[in-house]
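As structure tokens, the structure follows; a few thoughts come after it.
What follows is calculated from the coordinates using simple rules that are stated; it is not laboratory data. All of these numbers come straight from a predicted model, not from anything done at the bench. Every residue, glycine among them, receives a Cβ derived from its backbone with ideal geometry; neighbour counts consider all protein chains shown.
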Amino acid sequence: MPNPIPRRRDAAVSREAILLSARKVFAQSGYEAADLSEIAAGAGVTATLINRYFDSREQLFTEVLADCMVGPARAAPGTLSAHNLGRTLATALVSLTETGDLPLEGLLILLRSASSKRAAIIGRAQLEKGPQATVAAALEGQHHEERAALIMALVSGFQVMRQTLEVSALVKADPQVLIDLLTPLFQQLVDGASTEALTL
């Protein structure tokens, strides 16, 4: 008689299925309106099993966001060490938001959960210790944390305008034009500014 599959492996598969289903539901409905029964159905489990693996909605939401922020869209150390970082960031952003591509689930989750004070706190914490911290660590000079936050704001604002609102000027634009326009904006934040420039 073959050995049964270890319970630990079953648990890991079920947990991953719950996280994947929760990403979709949180992206569609936001933190407050997300239905645990819908998440359970999407994962092929019961709501009781969700409660077994995740102590609360907050824990599930936190883990979903943490998972989103280590995906391919996150700034990787290799990318951040590029010689011409401003153009590298601009090119990656324009490519990531090509017409027809679906908005990233992490962005949709944050947007559709922003009205919840608790969700906003969780989202901010995940952002600050995740991609924002990675960008800040790659920057040199003064105000590197502020510059990293501004880079993240530029990225998320562009994503919203081009993918969520589908602003015509950004959707119909030649991608190379967008890259050329974004490059100096990113590069200025990468390079920083002198104290004298900041006080003018």
Listed by chain and number, the aspartates and glutamates with an alpha carbon less than 18 angstrom from that of K117, same-chain partners under 8 positions apart left out, are E32, E58, E63, E128
Can you tell me the relative contact order of the stretch 77-199? Whole percent, Cα pairs under 8 Å, sequence separation 6 or more. 43 percent
FRET efficiency for R52 and Q28, Cβ-Cβ distance as r, R0 = 25 Å, nearest 0.05? 0.55
